[in-house]
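The values are calculated or read from the model by the stated rules, or taken from the named source; none is laboratory data. Because the structure is predicted, anything quoted here is derived from the model rather than measured. For neighbour counting, all protein chains shown are included, and Cβ atoms are generated from backbone atoms with ideal geometry for every residue, glycine included. In case anyone asks, the SASA skips ligands and DNA or RNA and just uses the protein heavy atoms, side chains included. Shrake-Rupley method; radii C 1.70, N 1.55, O 1.52, S 1.80 Å.
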Amino acid sequence: MTTTYIQFDAPKNDKQTVKEGLIKSSLKKALKGILTTFIPKVNPDFDEKIDEVKYWLVECDYESGIPEREIGLDKEGRVILKMPYKDNYGYWTDNNLLLNDFKEHFVVSEISKDSFEQSWDLFDKLSNFEIEIANFKILSNGADSGHIYLTTEISYKGQHRKLVIYFGDKSDEQKVKTKDILKLSGRLFDEGIQQSLSLLDTKLFD
């Protein structure tokens, strides 16, 4: 089976600009219907994240044009959802738009299969994570006027693992210098037992 992989900006109701002006009224109506009624029923895990998607990656069957898998990226290019996945049927994979429709109505660029698959697999390695730590080391990478990051040791799924903590806001980096106990939340990245855990886009809670 031959597949094609595409990327395009996420439409935002009636305001999305396409190659030849605004989306045709029929398509806009369909999108509005999906956003307001269809998605909450079939994508229970991702209902709250649909509006955060800035870019879509979509896998389509080349001959039929039918979308088969999709990935949503946020404005920073981070994977925040993929479908079909568990009880989530999909945003694009469960409607009537085909490959040619995407090319006609959106500014589409083709991407490689490897790029799509890497993003697809990455989703399963990321999870929301919260932790409180008291024993940690403060380090700096020296780049961009010196970004601070932390290292610590934690027990994760019954195993002793090193955790490297990267902050999303530089102001939080400075605050850690004055605290003995840190309450943190971020996106945990786990590449396997042979690698250190990484906490990305970390936020510090007072």
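Contour minus end-to-end for Lys137 and Ser109, with contour as 0.36 nm per residue of separation and end-to-end as the Cα-Cα distance?
5.7 nm is the gain from fully extending Lys137 to Ser109.
What's the extension gain from His160 to Asn100 if we count 0.36 nm per residue and subtract their Cα-Cα distance?
Between His160 and Asn100, full extension yields 16.6 nm more.
First check a/c for the range 102-206, with a ≥ b ≥ c the square roots of the eigenvalues of its C-alpha gyration tensor; if it is under 1.5, answer rounded, and if not, answer prolate when a/b is larger than b/c or oblate otherwise.
prolate
With all protein chains present and a 1.4 Å probe, how do Trp56, Trp120 order by accessible area, largest first?
Trp120, Trp56
Carbon and sulfur together cover what percent of the accessible area of the range 43-157 at a 1.4 Å probe radius?
Carbon and sulfur atoms account for 43 percent of the accessible area of the range 43-157.
So, R0 is 25 Å and r is the distance between the beta-carbons of Thr151 and Lys177; what FRET efficiency does that work out to, to 0.05?
0.95
Say R0 is 41 Å: what FRET efficiency, to the nearest 0.05, do Phe205 and Lys86 get from their beta-carbon distance?
Calculated value: 0.90.
On a full-extension model of 0.36 nm per residue, what is the gain between Ser196 and Glu117, subtracting their alpha-carbon distance, rounded to one decimal in nm?
In short, 26.2 nm is gained.
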